[in-house]
Structure formats: C-alpha cells, structure tokens
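Colleague: The structure is given below, and queries will be raised subsequently.
The values are calculated or read from the model by the stated rules, or taken from the named source; none is laboratory data. This one's a predicted model, so the numbers in the text were calculated from it and none came from an experiment. Heads up, the Cβs are rebuilt from the backbone with ideal geometry, glycines too, and the neighbour counts pull from every protein chain shown. These accessible areas exclude ligands, DNA and RNA; they are computed on the full protein's heavy atoms, side chains included. Shrake-Rupley method; radii C 1.70, N 1.55, O 1.52, S 1.80 Å.
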Amino acid sequence: MNKVGLAIRELHRSESDLADQLMQISDRHKVDHEIFYVARDIARWSAQHVDELARVGKDYDLDLDADGKDDNWIVATLRQKGSELMGRHHAPSLLLLRDLREVHRMAAGVSLDWEILAQTAQAMADRELLSTAKRCHPQTLRQLHWANAKLKEISAQALVTD
C-alpha cells in the first residue's frame, strides 16, 4: 500500500471512531436534548465521510468498509437508560465535560488529517480526492466548533457547582 493509501485508511478509521464517539455521547446524555440530537446529527456527517473515503480509497487499491463500525443497539439502549436514571446530577456534568473534550480532540485530529489529505491531493492533482476533502472538511470543522462551544458553555458550571 502506498503512503496516500495509508493516510486515507487512517482518516477512514478516525472518522469512524469520531462517529462512534458522538453516538456514545448522544446515548449517554439522552436527558440533555441538545446533546442527544445534535451529536446524532453530526455523527451522520462522519458516517458519510467514512462512506466517501471508502469510495475514493478504491482508487488507491483500498477495500474499506463503507459503513464503518455499527454501534451495538443493546449497548446503546443501556447507555440511554443509564442517562435517564442519572438525570441532571453533578456527576453527569463532569462526564459530559470529559466526553466533549474527547470529541474536541478527535475532531481536531480528523480536521488535521483532512488538511493533510487535501494538500496531498492538490500536489498529486487528484481532483476526486481533493473534491472529497473540500466537501468533508468543513463539516469536520463544524463538529470541532460545536464541541468547543459546548465546552465553553458547560465547563464553568460543571467545575464550580456542588
């Protein structure tokens, strides 16, 4: 496998992991409706990116799973029920803070990988790969900005309140 193929494979894995993490946060924090619905919506973007990377990966002799990883519905249901039972106590706010920090870190890494792939595609004059990066990277930046905004919104309250 060539180096570009390795970069595509790594980005495919990272996008899949980001989608999984966003779905886990959505399930774990079901009582916070904004987190529940927005995290699910933006997880779909990463799932679409996984699909697009699998498609363009074929040009580099990669056989990537277009669906990424499937979340086990039983585990997801248990996370949602656990969230409902915990409600809005102090400990869940610290858990949400931790979860959002992880999403922020993951999205920052994915964003950097898209930048690298776009620069590589441009240098190689690979229009399809460059077009994919130009379509997907802005959504990753929006995921990163969402996580950052939520962190700013909840961090003081989560750390200061008893």
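Colleague: Looking at (1) of a type outside the set (Ser, Thr, Tyr); (2) touching a helix residue (DSSP H, G or I) at 6+ places or on another chain (Cβ under 6 Å); (3) modelled with pLDDT under 95; (4) open to solvent by 20 Å² or more (accessible area, probe 1.4 Å), can you tell me which one GLU84 breaks?
Modeller: Result: GLU84 passes all but (2).
Colleague: For LEU129, state whether it is in a helix (DSSP H, G or I), out of contact with any Asp or Glu (no Cβ under 7 Å at 6 or more places or on another chain) and open to solvent by 40 Å² or more (accessible area, probe 1.4 Å).
Modeller: no
Colleague: To continue, here is another question. Of all residues in segment 1-15, how many are open to solvent by less than 10 Å² (accessible area, probe 1.4 Å) and closer than 19 Å to LEU144 by Cα?
Modeller: Of the residues in segment 1-15, 2 are open to solvent by less than 10 Å² (accessible area, probe 1.4 Å) and closer than 19 Å to LEU144 by Cα.
Colleague: Could you say which residue among LEU53, LEU117, LEU62, LEU100 is more than 20 Å from the chain's Cα centre (by Cα), open to solvent by less than 50 Å² (accessible area, probe 1.4 Å) and either modelled with pLDDT of 95 or more or within 17 Å of SER16 (Cα to Cα) (or both)?
Modeller: It is LEU62.
Colleague: What about GLN157, is it of a type outside the set (Ser, Thr, Tyr), at pLDDT below 90 and in contact with a Lys or Arg (Cβ under 9 Å, 6 or more places away or on another chain)?
Modeller: no
Colleague: If I go through segment 18-47 residue by residue, how many of them are assigned to a helix (DSSP H, G or I) and buried (at least 17 other Cβ atoms within 10 Å of the Cβ)?
Modeller: Of the residues in segment 18-47, 20 are assigned to a helix (DSSP H, G or I) and buried (at least 17 other Cβ atoms within 10 Å of the Cβ).
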